[in-house]
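Beneath this line is the structure, given in structure tokens, with notes to follow.
What follows draws every value from the coordinates through simple rules; no lab data is involved. As the structure is a computational prediction, the values presented were derived from the model and not from experiment. All Cβ positions, glycine included, derive from the backbone under ideal geometry; neighbour counts span all protein chains shown.
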Amino acid sequence: MNNSESGDRIESTSQEFDPLVHEISVMRQIILERVHALDLLRELVSNAAAKEVGATEITIKYTVDDAGHVFEVKDNGCGMNYTGNPKNPGRLDRFFGLGLSSIVGIKGDEFAWKGLGSKLAYNSCRLVIETACADGKAHRVEINEPWDTIERNLKPKPKIFHYPSESTKTWTAIRVIGHPPHIHEGAYSVEEVETFLRHRTFIGYTGKRENPPKITLSVLGQSKVLPFGFRELNGADAANPPEGTLPIHITDSITKSGTNKTVQATLKGFITWDSEQYNLSPSQMNCGLLLSVRGIPYFELDMETYGSRSMGIVNPGWKKCCLVLECDSVQEDMNISRSGLVDAERPALLKQLVAKMFEKLEQSPEYLAFRQIPKKRKNITGAEDLSAKKIALELENQKWVVWKNPKTGKSTMLSREPENENDTLAILWKLEALGGLPFKQFQTLAHAGYGPDLIVHFQEDNQSNPERYVSVEAESKFNNYIAHGHTPSLFPRVVCWDIGPSPKMRMKQTDKSYKVIAEGKDIQVHVYCIRKMEGIQVLTKSQLEEALKNS
């Protein structure tokens, strides 16, 4: 279809674009493989930050409207040109096609990966792209209900409007409305979005990069400029690290016998007895062993699986490790959602290489001396430690969990924001006593202390059947049920404070804001998130005092 109109001396034309997609089922699978809704930002930021784009400024905006989450990424790079020619595609053509660069033999941008960014953008209610190019042309692309179209096994067909650019400046803005579609869940906080961006995207770049772009984040109207780079690595290679922290930087390679296949990797970061000093925690997504490919941190690797014999288990334990494994060799061996490695030759070589690195590290004099530090800190007595914890509880930035009774409006302080499983249990039991749990019945009968945490009488709602002597597991943050060594057939329910991204399980949101179903291979776990239950608030000390005063 072609239309032309004039007004203020600007002429525009429009057409429907038929993207090059061979299999709708493949597109659907790519979209469903995504682990976290914020994965969309990772891909859009990677597209904007590629050296080929040349952007010096990137703005990330997150809001919420009637359609759900709304994400927008804008850059002042080269813009996205359109050709409509599959043999010579422009950037817009490539964005909407399925892995179009590889199909036609064209080299993709620095971080390109099978058109994943645009496919995740399709998982929405509406997609709008506006861009201006150096050739003086500007384009606006609109797709309404792309996911519903794919669900009907049809190919989304973007409508493109072409018009002369009103400025010599080049730029691109991609706005994704209602991602994921038809799911209304709580809004992300500034902290949640920033944490993800800093530890799972280009913004947390783990290597050295000249002239990185200025990156501005706006979440629900709050704006800030984000520092560039994986912040915990800054100073990790310092010549004089603080006592209790051991910097690590090992580069090695491995070649498969009888072949020229070589994998090279760098293990860097630090381990520390003072993890709170660096704010290391699973909720911050900055502890354990993280895989970085081409400088972008993607997901966590299990340290024990990759050969650690002491570091990642109990002494000091993975929560006290901030380690990044940089390996560009396995870029083509990540799964389609970039949430794990596939079973292939290079990942197998990488596993052997990392095991060799860990063996070298864990036998080194520096590491053995590091493990003895707690024994040498005899001046820290149990009483002093308890005193320090009391002082921490009195700080203004200490977060407190409050339940505001929806019926009476009365606020009750439950506990500090959970840092461990015991904190979660304390909140759970207080809510049970106050009648603040959203279940028809939740009656604790016993705290096992091993295996399942709780044995309860349970009924989720009026439509479900009452169950007696049900096993329930409690977690501070639910990531991966398998990693805890549990048997889902025995303990199929988890009550947690919060839910984090899982590398091996897909989180399926239900019609209850506080409930997801975690699905993996032959596994289905019902997960209930306290943080998202009605009436739950997380407040600072001053906010807590004000809430209790007004109750």
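Dipole orientation for the chain: of the candidates SER165, SER275, ILE215, SER275 has the Cα lying most toward the positive pole (charges on Cβ; Lys, Arg +1; Asp, Glu -1). For LYS356, the aspartates and glutamates whose Cα comes closer than 13 Å to its Cα, not counting residues fewer than 8 places off in the same chain, are ASP252, GLU304. In a reduced charge model with +1 at each Lys and Arg Cβ and -1 at each Asp and Glu Cβ, the chain shows a dipole moment near 520 debye about its Cα centre. Simple rule: put +1 on each Lys or Arg Cβ and -1 on each Asp or Glu Cβ in segment 400-539, find the dipole, and look at PRO466, MET533, ASN479; the Cα lying farthest toward the positive end is MET533. For the chain, adding -39500 (n - 2.57) for each run of n ≥ 4 DSSP H residues and dividing by the number of residues yields -6500 deg cm²/dmol at 222 nm.
Extension gain for the segment GLU52 to VAL64, taken as residue separation times 0.36 nm less the Cα-Cα distance, is 1.2 nm to one decimal. DSSP beta bridges confined to the chain are antiparallel in about 80 percent of cases. I'd like the FRET efficiency for ASN234 and GLN463, computed as 1/(1 + (r/R0)^6) with the beta carbon distance as r and R0 of 51 Å, rounded to 0.05. It comes to 0.45. Net charge within 14 Å of GLN398 by Cβ-Cβ distance, Lys/Arg positive one each and Asp/Glu negative one each, not counting GLN398 itself? Every neighbour counted, the sum reads -2. Considering only LEU368, GLN441, THR510, the residue lying farthest towards the positive end of the dipole of the chain is LEU368, judged by Cα position with unit charges set on Cβ. HIS447 to ALA344: FRET efficiency via 1/(1 + (r/R0)^6), r the Cβ-Cβ distance, R0 45 Å, to the nearest 0.05? FRET efficiency, HIS447 to ALA344: 0.55. In this structure, the residue pairs whose Cα-Cα separation is over 25 Å, taken from LYS119/LYS512; LYS74/LYS224; LYS320/LYS376; LYS61/LYS319; LYS410/LYS440, are LYS119/LYS512; LYS61/LYS319. For ASN405 and GLU145, a Förster radius of 41 Å and the Cβ-Cβ distance give a FRET efficiency of 0.55, rounded to the nearest 0.05.
Cα centroids of segment 267-301 and segment 313-365: how far apart, whole angstrom? Measuring centre to centre over Cα atoms gives 12 Å. List the trypsin sites (Lys or Arg not before Pro) within segment 174-283 that fall in a DSSP loop (any state other than H, G, I, E or B) and whose Cβ has at most 15 other Cβ atoms within 10 Å. Loop-located and lightly packed - LYS208, ARG209, LYS256, LYS261.
Here MET507, MET80 are placed in order of increasing Cβ neighbour count within 10 Å, fewest first, which gives MET507, MET80.
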